[in-house]
Amino acid sequence: MNAYTFFVTHGAEIFSTTLEHLELVLISMAIAVALAIPLGIFIVQRPALRTVALGIASVFQTIPSLALFGFLIPIPFIGGIGKRTAVVALVLYALLPILRNTYVGLTGIDPAVLEAATAMGMTPWQVMWRVRLPLALSVILAGIRTATVITIGVATIAAAIGAGGLGTFIFRGVAMVSDAVILAGAIPAALLALVADGLLAMLERRLRVS
Amino acid sequence: MSAQPEALINATIQFDAVTYSVNGTSRIPASHSERPPNTKEKILVRDIRLSIAESETVVLLGRSGSGKTTLLRLINRMLEPSSGTVLVQGRATTQWNPYALRRSIGYVIQEAGLFPHFTVEQNIALVPGLEKWEKPRIDTRVRELLKLVGLDGGDFAARYPRQLSGGQRQRVGVARALAADPQILLMDEPFGALDPVTRAELQKEFAALARRLGKTIVFVTHDLREALLLATRIVLLEHGKIVAQDAPENFLQVKHPEVRAFASCLDTDGAPGNVAGSRSDADEGLAGGGGQP
């Protein structure tokens, strides 16, 4: 069976699996953003915690993805086989790029602008919300973009621990020695990554303040 | 005259035996330029006694690292004295709410420090906004100020700082500092980064503006010409101490060696009466009255 006929006959299944993959990515990214941005804001004000937070996040990113899934499976409550474990691993993976860019964006602001903000009588909170965050937005978004692309990729491996998604086709295709089935997972995964990257890059350019 | 007892009641700003030092552990203020590289237990200003009356324009003159910016930052409580007291409107800065204090004092720095993500209008409206003024009142005030600093023609209000020239940005910086009509204006080398022609233009305009507005102004510079043009009193700092102070018309006669050092940088004939004249000569030589607003 060639790839084209497989795509035609299994179109609905490919589509629903792509949605499942996307769901995995979106949930993980939402959690990662919700954790990493506030943490980034926090470590800007507590420089002592910066090294620790960035260090831990980079340890997670260094562990090979399949190994990270393996480590999580035996852990009670968050581990086991299935989506939940996959989401935990994807979140841990996505943390570093977002956290690092949040920190770099918030601290890389022209000192004269920050001095003026303080001298005008802004409270530290107002400086954060009205000056630092708006000026750091495009840098933070660049981190989210990197994290999203990584997450789309690593999520294909999550199929190995029963999380579903486009990796299912790839692993099945390898087992069946079928290029058509492999491509049914690989092509949508690649397209997802390219489209997400393009859209977020566009948004990033819009938000950039030069 | 410099040793006369300070008149407490009339002073808008008063330094009472103020020393400020930093050591290796304390937070080093994020200022540009003025910090000496070795900050290990370093006294930046020592035993400063200075009283500034309403409507005075006091120019703090000194070399880099002489402590002039530190004095400025002590006034709006960006720094707190290590010992002694800084009084603003008769009240110690440490007794003020720091945000209320800073909103009541205009502040202009080199390169303006405008918010790049705000339009000119939003930049100027900042402090009135923090002070929760009504929108129509802010709009009126912004228009007034743009006119005051000579940016009323054209579409300046809607532009972003990157769309302005250096001189225009500095004008906006002045307008922003004046927005909430503060009684006190602090200026840290506001014209230092401008080209000589634009700088001379802004200095002259600002000198006229300052006389008209009657604000109490503390102005930091290392440029004696600028000091002679703008000041009602020049205070010379060296190594964190006040070494001389006098009215501009008498300043060049002061015998202190640091005064001589500054004076020797002026043209051969550096009498204050001739300074304005010598500057406009220089302007003509440079650009024939061109330049830009």
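Bear in mind these aren't lab numbers, they're just calculated from the coordinates by the rules spelled out. Source: prediction; values computed, not measured. With ideal geometry, Cβ positions are generated from the backbone for all residues, glycine too; neighbour counts draw on all protein chains shown.
Between B:Leu148 and B:Glu205, the distance separating the two model label sites (each 7 Å from Cα on the Cα→Cβ line) works out to 1.4 nm. For the pair B:Glu80 and A:Ile187, a Förster radius of 60 Å applied to the C-beta separation gives a FRET efficiency near 0.40, rounded to the nearest 0.05. Among A:Met176, B:Met187, A:Met128, A:Met29, the ranking by other beta carbons within 10 Å of each residue's beta carbon, starting with the fewest, stands as A:Met176, A:Met128, A:Met29, B:Met187. Applying 0.36 nm per residue to the separation of A:Thr62 and A:Ala48 and subtracting their alpha-carbon distance, the gain on full extension is 2.8 nm.
Toward the positive end of the charge dipole of the stretch B:200-254, with +1 on the Cβ of Lys and Arg and -1 on the Cβ of Asp and Glu, the farthest Cα among B:Val220, B:Ala207, B:Gln253 is that of B:Ala207. Label-to-label distance for B:Ala247 and B:Asp181 is 3.1 nm, based on points extended 7 Å past Cα in the beta-carbon direction. Ranking of B:His222, A:His21 by neighbouring Cβ atoms within 10 Å, starting from the fewest: B:His222, A:His21.
Converting phi to 3J(HN,Hα) with the Karplus coefficients 6.51, -1.76 and 1.60 and the offset θ = phi - 60°, the stretch A:178-190 yields 10, 4, 4, 5, 4, 5, 4, x, 5, 5, x, 5, 5 Hz in sequence order, with x at every glycine or proline. Considering only A:Val91, A:Val177, A:Val104, the Gaussian network model of chain A with Cα springs below 10 Å gives its largest mean-square fluctuation to A:Val177.
For A:Glu23 and A:Val209, the difference between the fully extended length at 0.36 nm per residue and the C-alpha to C-alpha distance is 63.8 nm. Which of the pairs B:Lys68/B:Lys255; B:Lys68/B:Lys135; B:Lys132/B:Lys204; B:Lys42/B:Lys204; B:Lys132/B:Lys241; B:Lys132/B:Lys215 have their Cα atoms more than 29 Å apart in this structure? Where the Cα-Cα span goes over 29 Å, the pairs concerned are B:Lys68/B:Lys135; B:Lys132/B:Lys204; B:Lys42/B:Lys204; B:Lys132/B:Lys241.
Assuming R0 = 56 Å, can you tell me the calculated FRET efficiency for the pair A:Val174 and B:Arg159, based on Cβ-Cβ distance, to the nearest 0.05? Calculated value: 0.45.
Considering helices alone, the calculated mean residue ellipticity of the protein assembly as shown at 222 nm is -17000 deg cm²/dmol, with DSSP H runs of length four and up weighted by -39500 (n - 2.57) and normalised per residue. Semi-axes of the equivalent ellipsoid for the protein assembly as shown, computed as √(5λ) from the eigenvalues of its C-alpha gyration tensor and ordered from largest down, come to 60, 25, 19 Å. Peptide B:104-117 has a mean of 5 when you count, residue by residue, the C-beta atoms of other protein chains within 10 Å of its C-beta. What you get for the stretch A:3-207, charging only the Cβ of Lys and Arg (+1) and of Asp and Glu (-1), is a dipole of about 440 debye around the Cα centre. A dipole drawn for the stretch A:1-121 from +1 and -1 charges on Cβ atoms has a positive end, and of A:Gly105, A:Pro74, A:Val44 the residue lying farthest that way is A:Pro74. The A:Asp197 and A:Ile78 beta-carbon pair, evaluated with R₀ = 30 Å, returns a calculated FRET efficiency of approximately 0.55.
Modelled spin labels at B:Arg212 and B:Thr140, positioned 7 Å past Cα toward Cβ, are 2.0 nm from each other.
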